[in-house]
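Quick note: the coordinates plus some simple rules give every number you see, no bench work behind them. Please read these numbers as outputs of a predicted model, since none were measured by experiment. Note that each Cβ is placed from the backbone with ideal geometry, even for glycine, and that neighbours are counted across all protein chains shown.
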Amino acid sequence: MSHFSYHDGVLCAENTPLTAIAQQFGTPTYVYSKAALTENFSAYADACKQHGRDQRTALVCYSVKSNSNLAVLNLLGQLGSGFDIVSGGELLRVLAAGGTPEKIIFSGVGKTCDEMRLALSHDILCFNVESVAELHRLNQVAGEVGKQAPISLRVNPNVDAKTHPYISTGLKENKFGIAYEEALSTYRLAATLPNITVVGIDCHIGSQLLDDAPLLEALDKLTGLIDTLANEGIAIHHLDIGGGIGVSYNGDRPVAVGDYLARLFARIDDWRLLKHRGAAIKVMFEPGRSISGDAGVLITEVQYLKDGAVKNFAVVDAAMNDLMRPAMYEAWHEVRPVVQRPALAKTYDVVGPVCESGDWLARARELAIEQGDLLALMTAGAYGMTMSSNYNTRGRAAEVLVDGAGFHLVRQREAPADLFALESIPE
Ligand code: LLP
C-alpha cells in the first residue's frame with residue numbers, strides 16, 4: 001500500500017498534505033512516511049517469524065547508506081533492526097540513533113585502520129571482509145588492541161544480478177568481494193590468523209533486483225561453500241545474503257519481499273535436511289532500498305516555466321545535488337503535482353538550477369503546472385539525501401518525518417554559512 005496519495009486533489013504523506021510541509025519548511029524537502037518505513041521493515045521481520053525464525057536465527061541489518069537520517073535509524077532500531085554500515089561515520093550515526101553494536105555488520109572494500117579500531121572498540125557483530133589484504137590488516141589491528149575480530153568473507157559468487165552496471169556487484173569484473181574460487185583458500189588462511197574468528201559468510205550481488213532468481217543462485221553457491229568448509233572443520237554460523245530487492249520506479253514489478261523470503265527459507269531448510277544439519281544457521285539480510293525507497297519523496301517548487309522550440313523546461317528548486325540518481329544512472333522518478341490542476345498538460349523536462357546539462361530530474365513528462373506549483377519526485381527515500389552534495393554551494397535539503405497527521409523536522413536545511421564554516425583563508 002502506498003502511503004503517498006491524493007486527498008481532495010492534494011498529495012499527502014499519510015494524512016499530512018505535502019503543501020503544509022512546504023509551507024512550514026520550504027523546498028526542496030525530503031519527506032518520509034513512518035508507516036511506510038515500518039511496513040517495509042515488517043515485510044522482512046514478519047516473513048522471518050512466519051518461517052520459524054527468531055532473533056537468534058534471523059537478523060535484518062538495514063543498509064544505512066540508503067537513508068541514514070537519525071530518525072529513520074532510530075525508528076528501525078526500535079523495530080528490532082540491525083544495521084549494515086560501510087564507514088566509521090555510519091557506525092557513529094547508528095550509535096547516535098540508539099542502535100546496538102551487537103547488531104552491526106561492517107561491509108565495504110576500503111576499511112581503514114582507524115575504522116577497524118573504532119568498530120573493534122564497540123564490539124560489533126561482524127566485519128564483512130572483502131580481500132586477503134583486508135584480512136591481514138584486520139588481524140594486525142585486532143592484535144594491537146587485544147581483541148578477536150569476528151569475520152565473514154564477502155564471497156563474490158559471479159552471478160549476474162541483471163541490473164544497472166553501476167549497481168551490479170556480484171560479477172567477476174566488479175571490485176567487490178573475494179572471488180568464489182579463492183574463497184576456500186581465504187577461509188583456510190583466516191582460520192590460521194590468531195586475532196580473527198570466522199563466524200559467517202556473506203555476499204551482495206547488486207541493487208534494484210526485480211527478480212529473486214539471481215539471489216537464490218547466489219544462495220546455492222554459498223551453501224555449497226559452507227558444506228565444503230564444514231568438511232574442513234571451519235564452522236559457519238551465519239549466512240548473510242546481502243540486500244538488493246528493488247522498488248517500483250516506473251511500473252516495475254519487483255518480487256514481493258515475503259515471496260522472496262519464503263523461497264529462500266525453503267531452500268535453506270531443504271539444504272539443512274539434506275545435509276542433516278541440526279543447528280539452524282542464522283540468516284541475515286542487508287536491505288536498503290526495499291525499506292526506505294518508496295517511503296520517501298522529494299518536494300520541490302517550480303521556479304520558472306521556459307517554453308523552447310524543441311523542449312519545454314520546468315526549472316525547479318531541487319537539483320542534481322539533491323537527487324543525483326537521474327544524472328548518475330538516468331534513473332526514472334515519477335513526478336506528481338502536489339496540487340492537481342484541471343488544466344491541459346504540456347510536456348516538460350524537469351530540471352534544476354545547477355550549471356550542468358546533466359542537471360535534470362525527469363524528462364518528457366506530461367504535467368499541468370504553473371510557476372510556483374509544488375512537485376513531488378516519488379520513490380526518493382533511498383539513495384536520495386544520502387547521495388546529495390553541496391555542488392554550486394547549495395545547502396542540503398531539509399528532511400521531515402511524517403507520522404499520520406503529525407510531522408517533524410528531522411534535519412534542518414543547511415544554511416549557506418554552514419557550507420563554508422570549515423574553510424579558511426591563509427594569512
Ligand atoms: N549491502 C551492501 C554490501 C551494499 O553494497 C548495498 C548497496 C546494500 C547492502 C543495500 O542494497 P539495496 O537493498 O539497497 O539494494 N546508489 C545506487 C545504489 C547503490 C547500492 C550500493 N550498495 C542507486 O541510487 O540506485
Report summary line: Note on the range 34-289: the mean projected area of its alpha-carbon convex hull, in nm², is 12.8
Query raised in the report: So how much slack lies between residue 356 and residue 162, counting 0.36 nm per residue of separation and subtracting their Cα-Cα distance, in nm?
Result: 66.8 nm
Query - Separation in nanometres of the label points that stand 7 Å from Cα toward Cβ, at residue 366 and residue 102 - result: 5.7
Query raised in the report: Taking the mean number of other Cβ atoms within 10 Å as a proxy for protection, how do you rank 191-198, 286-293, 131-138 from highest to lowest?
Result: 286-293, 131-138, 191-198
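Just how many % of Cα pairs in the range 65-193 lie over 22 Å apart, if you round to the nearest whole percent? Walk me through the numbers before you get to the answer.
Details: 3404 of 8256 pairs.
Result for the distance tail: 41 percent.
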Query raised in the report: Rg and Dmax of the range 8-140, using alpha carbons, in Å: what are they?
Result: 18.0, 63
Query - Using θ = phi - 60° and Karplus 6.51 cos²θ - 1.76 cosθ + 1.60, couplings along the range 209-220 (whole Hz; Gly, Pro as x) - result: 7, 8, 10, 8, 4, x, 5, 6, 5, 5, 4, 4
Report task. For the range 1-90, state which trypsin sites (Lys or Arg not before Pro) are in a DSSP loop and have at most 14 other beta carbons lying within 10 Å of their beta carbon. Result -> 56
Query raised in the report: Which of 399, 356, 115 moves the most in a Gaussian network model of the chain with Cα springs under 10 Å?
Result: 356
Query raised in the report: Amide H neighbours of residue 411 under 5 Å, counting only residues 5+ apart in sequence or on other chains, H built in-plane at 1.01 Å?
Result: 399
Report task. May I ask for the Rg/Rh ratio of the range 170-291, computed from Cα atoms with Rh as the Kirkwood radius, given to two decimals? Result -> 0.99
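Based on DSSP H runs of at least 4 residues, each adding -39500 (n - 2.57), what is the mean residue ellipticity at 222 nm of the chain after dividing by all its residues, to the nearest 500 deg cm²/dmol?
Numbers: 12 runs with 128 residues, N = 427.
Value at 222 nm, helices only: -9000 deg cm²/dmol.
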Query raised in the report: On average over all directions, what projected area in square nanometres does the range 266-417 have, based on the convex hull of its Cα atoms?
Result: 14.2
Report summary line: Normalised Cα Rg of the range 134-234, dividing by 2.2 N^0.38 Å with N its residue count, works out at 1.16
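Please report the orientation-averaged projected area of the range 63-130, defined via the convex hull of its C-alpha atoms, in nm².
Numbers: hull surface 15.7 nm².
Reported value for the Cα convex hull: 3.9 nm².
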Report task. For the range 265-350, just the Cα atoms, rotate onto the principal axes and tell me the three extents in Å, largest first. Result -> 70, 29, 22
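Kirkwood hydrodynamic radius, the range 311-373, all distinct C-alpha pairs: what's the number in Å? Could the numbers behind the result be given before it?
Details: mean 1/r = 0.0832 Å⁻¹.
Across the range 311-373, the inverse of the average 1/r is 12.0 Å.
For the pair residue 57 and residue 227, what calculated FRET efficiency results from E = 1/(1 + (r/R0)^6), where r is the Cβ-Cβ distance and R0 = 25 Å, to the nearest 0.05? Before the final figure, lay out each step's value.
Details: r = 19 Å, r/R0 = 0.76.
Step by step, r from the Cβ atoms, then E = 0.85.
If I take all pairs of Cα atoms in the range 24-90, what percentage of them are more than 20 Å from each other? Show your work: numbers first, answer last.
On the way: 793 of 2211 pairs.
Tail fraction, whole percent: 36.
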Report summary line: Two pseudo-spin positions, 7 Å from Cα along C-beta at residue 248 and at residue 393, lie apart in nanometres by 4.4
**Report entry** Full-extension gain in nm, residue 8 to residue 304, via 0.36 nm per residue minus C-alpha separation
**Finding:** 104.0 nm
Report task. Quick one: check the C-alpha center-to-center distance for the range 158-218 versus the range 237-311, whole angstrom. Result -> 17
Query - Per principal axis, descending, Cα span of the chain in whole Å - result: 70, 61, 41
